[in-house]
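Report on the structure given below.
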Amino acid sequence: SDKITIAIDGYSSTGKSTIAKQIAKHLGYVYVDSGAMYRAVTYYAMTKGLIHESDFNAEALIYQLDIVHINFKFNSELGFAEVYLNNQNIEKAIRTLEVSSFVSKVAAVSEVRKKLVAIQQQIGKNKGVVMDGRDIGTVVFPDAELKIFMTASAETRAQRRYKELIERGDDVVYDSVLKNVQERDHLDSTRKDSPLVKADDAIEIDNSNLSLQEQFEKVLQLVSMTI
Ligand code: C5P
């Protein structure tokens, strides 16, 4: 049957990407982590000294946006595409708490969103794509055939993210991770341009008490009802 577009939006650390990757693999679709693109621009701003403490020089970033090249390259060993900034693989560098703590400020800049949304729409123009983020069902692909909105309690999400960071060897404390998750949710939901909001036609899944297998089956069931 014909390929569809699957949009998965939701709060930080709801496990959107894990499920999106599994579903894409199962269907033979392309998986796109739109958050990685906002993280890549944030990483760029950090390395260029445009972010100091809580100070962020948005004007300078906007001025340089034309020379910020972001793309994905499929890694067959990992089974998904990794994000590149100006030809450098930054997949690992963008997953730090430092990037997480600035990304929502960078993502609130309209010029940044405009640039990244155009790339996302280009990647998804032939359908057969699973994209996760905050505004995929509302702004990037408002006509997506299947829209999912993932939620879970802030504590559940912080616990998951904390475990992930510790496992990769980062020196973090749980309270900072929880604070970051809550701050990002607040900034993402209250920004003027493309705030995080459930699309009217999105199906909400609260996965606080669902295993990965249960979430996978639930989404797959929704897919088969859509196709
Ligand atoms: O998905 P992830 O947590 O990696 O996204 C990082 C940040 O990027 C989010 O907190 C949000 O500020 C921003 N983002 C966005 N729109 C998207 C995806 C991510 O604003 N579609």
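Which condition number in (1) touching a Leu at 6+ places or on another chain (Cβ under 8 Å); (2) in a helix (DSSP H, G or I); (3) not polar (S, T, N, Q) is the one that I6 fails?
Exception for I6: condition (2).
Any residue in the stretch 45-72 that's over 21 Å from I119 (Cβ atoms): show its pairings with residues that are among the aromatic types (F, W, Y) at Cβ separation under 6 Å, as long as the two are six or more apart or on different chains.
Here the result reads I51/F102, each pair linking the stretch 45-72 to a residue that is among the aromatic types (F, W, Y).
Determine the pairs where a residue that is under 25 Å from D55 (Cβ atoms) and within 13 Å of the ligand (Cβ to nearest atom), located within the stretch 75-100, has a partner that is charged (D, E, K, R) and in a loop (DSSP other than H, G, I, E, B) with Cβ atoms under 7 Å apart, the partner being 6 or more residues away or on another chain.
T96/D170; L97/D170
Please enumerate the residues belonging to the stretch 28-43 that are within 14 Å of the ligand (Cβ to nearest atom) and either surrounded by fewer than 19 Cβ atoms within 10 Å (Cβ to Cβ) or within 14 Å of L116 (Cα to Cα) (or both).
Hits for the stretch 28-43 are V32, D33, S34, G35, A36, M37, Y38, R39, A40, V41, T42.
Identify, by number, the condition in (1) touching a Lys or Arg at 6+ places or on another chain (Cβ under 7 Å); (2) within 14 Å of the ligand (Cβ to nearest atom) that L116 doesn't meet.
Here L116 meets the rest and fails (1).
Hey, among V106, V129, which residue is in contact (Cβ under 8 Å) with a residue 24 or more places away in the chain and either within 11 Å of the ligand (Cβ to nearest atom) or among the small types (G, A, S) (or both)? Explain how you work it out, then say what you get.
Working: V129 fails: either within 11 Å of the ligand (Cβ to nearest atom) or among the small types (G, A, S) (or both).
So the residue among V106, V129 that is in contact (Cβ under 8 Å) with a residue 24 or more places away in the chain and either within 11 Å of the ligand (Cβ to nearest atom) or among the small types (G, A, S) (or both) is V106.
Identify, by number, the condition in (1) within 13 Å of the ligand (Cβ to nearest atom); (2) part of a loop (DSSP other than H, G, I, E, B) that G49 doesn't meet.
(1)
If you go through the stretch 63-79 one residue at a time, do you hit one that is β-branched (V, I, T) and assigned to a helix (DSSP H, G or I)? Walk me through how you get there before you give the answer.
In the first step, residues of the stretch 63-79 are kept if they are β-branched (V, I, T); the result is 67-68, 70.
With assigned to a helix (DSSP H, G or I) added as a condition, the list becomes 67.
The answer is yes; a qualifying residue exists.
Given the residues Q215, Q182, which is the only one that is modelled with pLDDT of 95 or more, under 19 Å from the mean Cα position of the chain (by Cα) and within 14 Å of S12 (Cα to Cα)? Working first, answer last.
Values: Q215 fails: within 14 Å of S12 (Cα to Cα).
From the options Q215, Q182, the qualifying one is Q182.
Can you tell me which residue within the stretch 132-166, out of those that are away from the ligand (no atom under 16 Å from the Cβ), among the acidic types (D, E) and at pLDDT 95 or above, is surrounded by the most Cβ atoms within 10 Å (Cβ to Cβ)?
Of all residues in the stretch 132-166, those away from the ligand (no atom under 16 Å from the Cβ) come to 143, 145-146, 153, 155, 166.
Subset that is among the acidic types (D, E): 143, 145, 155.
Keeping just the survivors that are at pLDDT 95 or above gives 143, 145.
Details: D143: 9, E145: 16.
Going through the qualifying residues, I end up with E145.
Give the residues of the stretch 1-11 that are surrounded by fewer than 24 Cβ atoms within 10 Å (Cβ to Cβ) and more than 16 Å from G128 (Cβ to Cβ), sorted by residue number.
Y11
Restricting attention to the stretch 61-81, which residues are within 29 Å of I166 (Cβ to Cβ) and either surrounded by fewer than 17 Cβ atoms within 10 Å (Cβ to Cβ) or in contact with a helix residue (DSSP H, G or I) (Cβ under 6 Å, 6 or more places away or on another chain) (or both)?
Matches in the stretch 61-81: I70, K73, F74, N75, S76, E77, L78, G79, F80.
The values are calculated or read from the model by the stated rules, or taken from the named source; none is laboratory data. Model, not experiment: these values are computed from the prediction. Every residue, glycine as well, gets a Cβ built from its backbone with ideal geometry; the counts of neighbours run over all protein chains shown.
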